[in-house]
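Before any comments, here is the structure.
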Amino acid sequence: MHSNRSAWCGFGWRGLVLTTAGALMACVGAVTASAQVMQVSLDEGWRFRAIAAPDHADAMQWHSATVPGVVQTDLYRAGVIPDPFFGDNEKQLQWIGLTDWEYTDEFNVSEAMVRHGHVEMVFDGLDTFADVSLNGTSLLSADNMFRSWRLDVKHSLHAGKNTLRIVFHSPTNRITPMVAKLPYVIPGTGYEQLDRAKGIYPVSHYMRKAPYNYGWDWGPKFVTQGIWRPVRLEGWDAARVASFHVRQDSVNEERAVLEANLTVQADVAGAASLQVRVTNPEGVALPVRITPVQLDKGENHLMLPMRIEHPERWFPNGYGKQSRYTMKAELVRNGKVIAQSQLKTGVRSVELQRVPDKWGTSFTFIINGIPVFAKGANFVPLDSFPSNTTDAKRREILTAARDVHMNMLRIWGGGFYETDEFYDLCDELGLMVWHDFMFGGAMVPGDKAFQDNVRAESVEQVQRLSDHPSLTLWCGNNEVETAWHGWGDQIAFQKSVTPEQRERVWQDYVVMFRDILKSTVATYGNGVPYWPSSPGSNFDDVPAGQENGDMHSWKVWSAGAPVTEYATNAPRFLSEFGFQSMPDLRTVRAFAGSNEDLTSPALLNHERFIHGFDRMQQYLKDEFKPARDFASFVYLSQVMQAEAIKFGVEHMRTLRPETMGTLYWQLDDCWPVASWSSLDYFGRWKALHYYAARFYAPVLVAAEAKENQFTVHVVSDELQPRRAELHLRLLGFDGTLQQESRQSVQVAALASTAVEPIHLKSFDAKQTVAVLTLEQDGKVIATNTVYFARSKDLFLPEAKIVQQVRVDKTGYVVELRSPVLARAVALGFGSVEAKPEDNYFDLLPNESREIHVASKASLEQVKASLELRSLVDAAK
C-alpha cells in the first residue's frame, strides 16, 4: 500500500477521472504529494459497531477500528471473537457477514486545507456496499470492492471537527432479495448453496467483490466488510495530475519510441509547458523533454513524444536485467511547477504468439523477441483478510518465487487486484504477471448497471497497471467458459431454462469477455495482449483442448488419476495443474494444536477439497509404505506432492516448443490449510518449493526409463548453446557402481534437445538409482535422479547420516554424509526458525552435501534442534 511512487491517488491507481452528477469521481489518477497537493491521512481514530446483532451484544458496543482493515480483524483485535483461523472457529463466525456495520471517525481539518480551491476525499477501497456521509451529508453509495472513489467535499467539510460515517451493508443480505426475484438463477462458483425454500441463493457472482470471500476448495468463507484500503483528504488549487502514463509504441534493441500521456484537472487556462525528466536505471538523468501546451479549465489531455536510443530493456527472470527508468512529468506555468507526477517503468516488447503449427496453434509469450517458456505458479490472495498482509510478506513470497527460477505468476480471478507494491516487486524480481480479471467459475449478469460497473473497474485497473513491465497478459476470467461447457451444475442449469434464456446468458458472457474487457485492454493496456478465459481457445474451440489455447489439467488429484497421466498430455500451455499436501507441521499446530486426528473437526475444517484426506491417503498408499507417525504423514504428503509436480513439469518442459509454459496450482495460501501450495500460509517452504528450484532450473536433465533403455532430454532456457557432457551412473543403494557412461551433448539454446538413447544393462530395479549429471569444464550444470520402482517397493537401507554443523559468514553450514543412499532427506529444526537453502534431496552414498542454513538462532540451538528425516525413516 505504501509505494515508492511520489504520485498518489487510490493506492497509486492512474487513469481517467469518471464523474457522476458532478460530485463523485472514481479516483484513478496519481497525484504528487508535493506543494501542489496537500494530503491528510484519515486512517486514524476510527470506531465501529454492529448496527443490529442481538445475539452478539458485545459487537453492538463501540470498539476501536484499524484502517485499512475489515470487520473480522477489528472484532478479533477487540476480543469479541476468537482466532478465525483456529480449529473450526470459522463456522461460528458466519454471522459477521450477515450483519450491517457502522464505522465512524471524528477528525480535525485545518484552515489551510479548507482554503484550497478543491478539497476531495479519496477512498482507495471500500468493501463493498457502503453508504458514506460527512457531517450528516450523504456523499456516496459504493458498490464495488475493486474501485476507488474520489469525492468533492469542498462544501461538506469545515475547519475544525468533522464526522465521517460509513455504513456497510451485508453483501449477502443486499443481493439475495434481488436474486430471488430473477426468472432464473445463474449457478455460482460451486461453494454457495441454492435452497429456494430456505431463501438461500448463490450471490457472489452478482456483485463486484472478491469471490474467494465466499469460500473455495482451499480457503474459508469469510464475507468481509470494511475500509480495506487507506482514506485521505487532498486539497489543491491550480491543477492536479489525474493520470500519468507512458505508452510504449515500439521497443527494440535500437530504440524505444514512447509517448507520455497526462490527464490534468485545471482551474487555470492559458499557455504552459509540459516537461518530462527521465532517469535511466543507473540513475543518470537523460535530456529533459519539453513541449508547449495550452491549458483549458477542466479536464486536459496532454501528450509528449519521447525516444530513447539503445534502451536498457526489462527482461523476465533468467533472461536479463530488470532495468527500469524513472520518469517525472511537470506542468510549468509562468516559471512555476503547478502540478507533477512520477512513475517507474521498464521498456520491453510483449507478444502472445498464436500461429498455426504442426501441433495446432501456438501459445508462446515473446518478450523482447525471445520466446519464453513460462515457469511459475498460480497466485491466490495471501490472506483471507487482505489488510493483514504486509509489504515484507509480499516481498518474502515473491522473492521465494524468483529464487526457484520462476518467471511468471498467474493472478487468479477469484481474488482481488493487488497493491502497487506487489506489481513493483514483480517488476523488480522479473516475474511476468498473467492477470485474470476478478471473475471465477460463474457466468455473469447482463444488466447494464453491472456491465457499467465492471467497465469502470476494468478501466481503472488496466490503466493503473499499464506502466508495469511485468504485466504480460490480461485474461478475462478463471474457468467461466469451461464451466459453462462442461460442469454438471451448469449443464443442468442450461437444461432447466428456455433456449432464449440460455442464449441470453451466453451472450451476456460474450459481451463481457469479448467486448467490454477486450476493448478496455486494447484501449488502455499499453500493448499487453488479452485472452478471454482460462482455460480457453479465444472462442475458436471448446476450451481446455490440447491443440489450441491454454489448458487446466485436473485428472491427477481431482479425478484420482495416477501421476503418470501427465505424460499423456501435450498442451500448448498448462496454466493449472496441482497436487495437495499438508503444510509444515508447525503450521498444523497453529490451527489444530496437538490434534493429529484427520477426522477431527479442526483438521477437516482445514482441508477444503471434498474428501481431501481420503484422496491424499489414496496416493500415499499407492506410492509409499504406511507412515510411522503423524509427522511422517506430513513429510510423506509433501514428498508425494513434490514428486507429482516434478514429473508433470519435467514432461512438459521436454515438449518445448509444443508446450511453452507450466504454472502449477498454487504458490501460496490465504490461511493455514492442507492445500496445493508450495509455500504455506506462514511462508514456510514445502518440499515442492525446494523441488521447484531443481525442475525450474535454467538447464534441466529429464529422463524416462522404458524397459532397458533411457530416453533423455536436455532442456535449456539459456540464450546461448552449450557443448557439454552427459554423465550417467547406475548406483546400487550401497554405492556400488553398476554402469557408467558419458556422451557429448550439443545443448541447443531455448530448446529441448533429445539425447541419443542410453541402453541399460541388467540391474535390480528395487535397489538401483540412476544419477544423471550434465557437466561442462568440470562443473555440474544440472543433475537428476531416477528410480525404477515405486517408493514402497524399494529396498532402501537404513540411513546412517553423519552430520556436522559449523558457522559461516551468513549463517550455518550443515554437512551431511552417508555410506548408503538416503532418499528425500529433509532437514527440520523444530520450533527454531531456520531455513535451509536446499532440502528434500537425495543424499548419494559416500558423497557429502553441504547445506547453508539461514537462522538467527545460536549455534547450540541449531545443533540441538536439527532433525533429519529420510524416506526410510518415515515408514513403519
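Quick rundown of the values:
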quantity: By accessible area with a 1.4 Å probe, ligands and nucleic acids excluded, highest first: order of Val268, Val802; calculated: Val802, Val268
quantity: Whole-number accessible area per residue in Å² for the chain, which is evaluated in the context of all protein chains at 1.4 Å; calculated: 37
quantity: Value of Rg to Rh for region 137-260 (Rh from inverse mean 1/r over Cα pairs, i.e. Kirkwood); calculated: 1.13
quantity: Whole-Å distance, taken between Cα centres, linking region 380-399 and region 296-369; calculated: 27
quantity: Region 496-568, dipole about Cα centre (Lys/Arg Cβ +1, Asp/Glu Cβ -1), debye to the nearest 20; calculated: 160
quantity: Computed [θ] at 222 nm, helices only, for the chain once each DSSP H run of length n ≥ 4 contributes -39500 (n - 2.57); calculated: -5500 deg cm²/dmol
quantity: Part-to-part distance (alpha-carbon centres) for region 531-545 and region 180-242, which is given in Å; calculated: 26
quantity: Rg over Rh, two decimals, region 424-486 (C-alpha only, Kirkwood Rh); calculated: 1.06
quantity: Degrees separating the helix 630-654 axis from the principal Cα axis of the chain, which is the longest one; calculated: 90
quantity: Accessible area in the full protein assembly, largest first, 1.4 Å probe, for Arg402, Arg277; calculated: Arg277, Arg402
quantity: For Gly661, residues with placed amide H under 5 Å, excluding near neighbours; calculated: Ala374, Leu574
quantity: Among 614-627, 433-446, 239-252, 468-481, the order from most to least packed when residues are scored by Cβ within 10 Å on average; calculated: 468-481, 433-446, 239-252, 614-627
quantity: Residues with amide H under 5 Å from that of Gly69, placed H, sequence gap 5 or more; calculated: Ile227, Trp228, Arg229
quantity: Prolate/oblate/rounded label for region 769-847 (Cα gyration tensor, a/c 1.5); calculated: oblate
quantity: Kirkwood hydrodynamic radius of region 639-763, Cα pairs, Å; calculated: 16.4
quantity: Dipole magnitude of region 722-876 about its Cα centre (Cβ charges: Lys, Arg +1; Asp, Glu -1), debye to nearest 20; calculated: 160
quantity: Separation of alpha-carbon centers, region 244-282 and region 842-876, rounded to whole Å; calculated: 55
quantity: Region 409-525: C-alpha pair distances exceeding 20 Å, %; calculated: 45
quantity: 0 to 90° range, to nearest 10: angle between helix 612-623 axis and the chain longest Cα axis; calculated: 20
quantity: Peptides ranked, highest mean first, by Cβ atoms within 10 Å: ranges 378-391, 776-789; calculated: 378-391, 776-789
quantity: Cα-based shape type of region 192-247, given that a ≥ b ≥ c are square roots of the gyration tensor eigenvalues and the cut on a/c is 1.5; calculated: prolate
quantity: Protein accessible area in the chain, 1.4 Å probe - carbon and sulfur %; calculated: 50
quantity: Residues whose placed amide H lies under 5 Å from that of Leu139, excluding near-sequence neighbours; calculated: Val132, Ser133, Leu134
quantity: Paired Rg and Dmax values of region 726-826, which use every Cα atom, in angstrom; calculated: 16.6, 47
quantity: Positive-end residue of Asn213, Pro54, Thr104, charge dipole of the chain with Cβ unit charges; calculated: Thr104
quantity: Student exercise, region 600-713 dipole from Lys, Arg, Asp, Glu Cβ charges, in Debye to nearest 20; calculated: 140
quantity: Global form of region 339-404, assessed from the alpha-carbon gyration tensor, a/c cut-off 1.5; calculated: oblate
quantity: For region 807-876: span of alpha carbons on each principal axis (Å, largest first); calculated: 32, 26, 17
quantity: Sorted largest first, extent of region 508-606 alpha carbons per principal axis (Å); calculated: 55, 34, 26
quantity: Length-normalised contact order of the chain in % [C-alpha pairs under 8 Å, at least 6 apart]; calculated: 10
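The values are calculated or read from the model by the stated rules, or taken from the named source; none is laboratory data. A quick note: this is a predicted structure, and the numbers were derived from the prediction, not measured. Note that we place each Cβ from the backbone using ideal geometry, even for glycine, and neighbour counts take in every protein chain shown. These accessible areas exclude ligands, DNA and RNA; they are computed on the full protein's heavy atoms, side chains included. Shrake-Rupley method; radii C 1.70, N 1.55, O 1.52, S 1.80 Å.
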